[in-house]
Amino acid sequence: MGIKLVSYKDIDKEKWGNLVTKTNPIKGQYASYWYISTVTKQWSAFVLDDYIAAFPFAHVKKKGFDLVYQPFYSRNFPFLGESNDEFISHIFQYFNNNYKHLDFNLFRQINLPFLNKSKRVFQQLSLKDDYKMIQLSFSKNAIRILKKNKNLKVKTSSNLDSFINLFKTTVGDKLNYNTENYNVLSSLINNGLKENCIEFLKVECDGEVHAYGAFYFHKNVINFLKGAVTKEGKKTGAMFVLIDYMISKNCSSDKIFDFGGSNIESVSEFYKKFGSEDVLYYNYSFDNLPVVVKKLKNIRTRFLK
């Protein structure tokens with residue numbers, strides 16, 4: 001078994017694309033070459049033989065320490081192709097021997113003594129049924145808001161700067177996002193539009209924007225990448241209208257609506273108003289940093305900003 005560690009600059013894009021195409025779309029939606037290269041400046045991949053299997057990961061050196069991390073706007077990176085236990089074990093032993101800190105997410109369960117593991121969830125909704133059937137699983141609150149605000153209209157938007165500014169003031173600043181985080185989001189939407197796999201929408205009422213939303217399409221998955229709502233939009237239920245629009249537009253199909261997910265109860269409860277269900281995945285981490293550094297709070301935030 002030949003395992004190579006390959007820089008993103010040397011990846012065979014055609015063979016990489018073939019692996020992504022064969023991967024479960026929920027697990028593999030963040031693994032396209034263009035997507036990874038947009039959300040992180042530096043990444044590499046373990047490649048088994050001639051691209052029989054592969055595993056991408058983002059890494060960075062900060063303050064003299066080598067770190068493996070999960071970039072913003074990606075839930076996980078998957079094992080691509082025909083991964084076996086030996087391949088997976090090799091990867092994690094390499095991480096343990098060569099990196100001081102690791103924190104990322106996988107769907108696969110892995111049990112190694114040096115790894116910390118915790119459960120996380122996101123929300124998804126099957127769109128196989130027709131709209132009336134899907135709407136039966138909506139909460140009474142969601143139905144009431146949608147009936148009350150039929151005057152709101154969903155349209156394609158091109159005003160990315162306005163969205164980023166609204167997202168910054170209503171979402172990002174509260175979560176301590178930095179300038180790079182906003183730049184990456186802008187690049188991700190722009191690159192996705194070029195790849196014809198992003199829909200960038202707005203909700204309007206009488207010419208006034210109440211909300212924006214960016215939806216990422218990967219195979220049969222529709223991912224609610226990010227959204228933002230104005231003060232008036234909160235009153236009118238603009239985000240309810242936006243998500244309902246995307247559901248109604250794509251129902252009666254093999255598509256899956258991925259809400260992007262959240263472990264924050266208030267956010268996940270909002271998504272569940274549309275009948276979505278929790279899907280389990282796992283966070284893995286280890287920390288071999290010096291004791292004095294371990295005492296610093298918010299390791300991930302401090303090192304990745």
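Since every read-out is calculated from the coordinates, none of them should be taken as a lab result. The structure displayed is predicted, hence computed values, not measured ones. All Cβ positions, even for glycine, are placed from backbone atoms using ideal geometry, and neighbour counts span all protein chains on display.
If you place +1 on the Cβ of every Lys and Arg, -1 on the Cβ of every Asp and Glu, and leave all else neutral, what size is the dipole of the chain about its Cα centre, to the nearest 20 Debye?
Details: 44 positive and 29 negative charges, 223 e Å.
About 1060 debye.
If we count every other residue with Cβ under 13 angstrom of D278's Cβ, Lys/Arg +1 and Asp/Glu -1, where does the sum land?
Details: positive: K119, R120, K272; negative: D258, E265, E269, E277.
Local net charge: -1.
For A45, what charge total do you get from the other residues with a beta carbon under 14 Å from its beta carbon, if Lys and Arg give +1 and Asp and Glu give -1? Don't jump to the answer; show the numbers that get you there.
On the way: positive: K4, K9, K13, K15; negative: D10, D12, D49, D50.
Result for the neighbourhood of A45: 0.
Based on the mean of other Cβ atoms within 10 Å per residue, sort peptides 234-244, 276-286, 103-113 so the most packed one is first.
Details: 234-244: 21.7, 276-286: 16.7, 103-113: 14.0.
Put in order of decreasing packing, that is 234-244, 276-286, 103-113.
Cut-off under 21 Å on the C-alpha distance; same-chain residues fewer than 8 positions from K63 excluded. Which lysines are left, in chain and number order?
Candidates past the 8-residue exclusion: K41, K100, K294, K295, K297, K305.
Mind checking which of I52, I264, I134 has the largest fluctuation in a GNM of the chain, springs on alpha carbons under 10 Å?
Comparing I52, I264, I134 in the GNM, the peak value goes to I264.
For the pairs K27/K226; K150/K273; K148/K219; K234/K255; K168/K235; K9/K155, flag any whose C-alpha to C-alpha distance is greater than 26 Å.
On the way: K27/K226 18 Å; K150/K273 18 Å; K148/K219 34 Å; K234/K255 28 Å; K168/K235 20 Å; K9/K155 38 Å.
Beyond 26 Å: K148/K219; K234/K255; K9/K155.
Under 16 Å Cα-Cα from K62, which aspartates and glutamates qualify once same-chain neighbours fewer than 8 residues away are excluded?
Here the aspartates and glutamates satisfying the reach criterion relative to K62 are D103, E180, D287.
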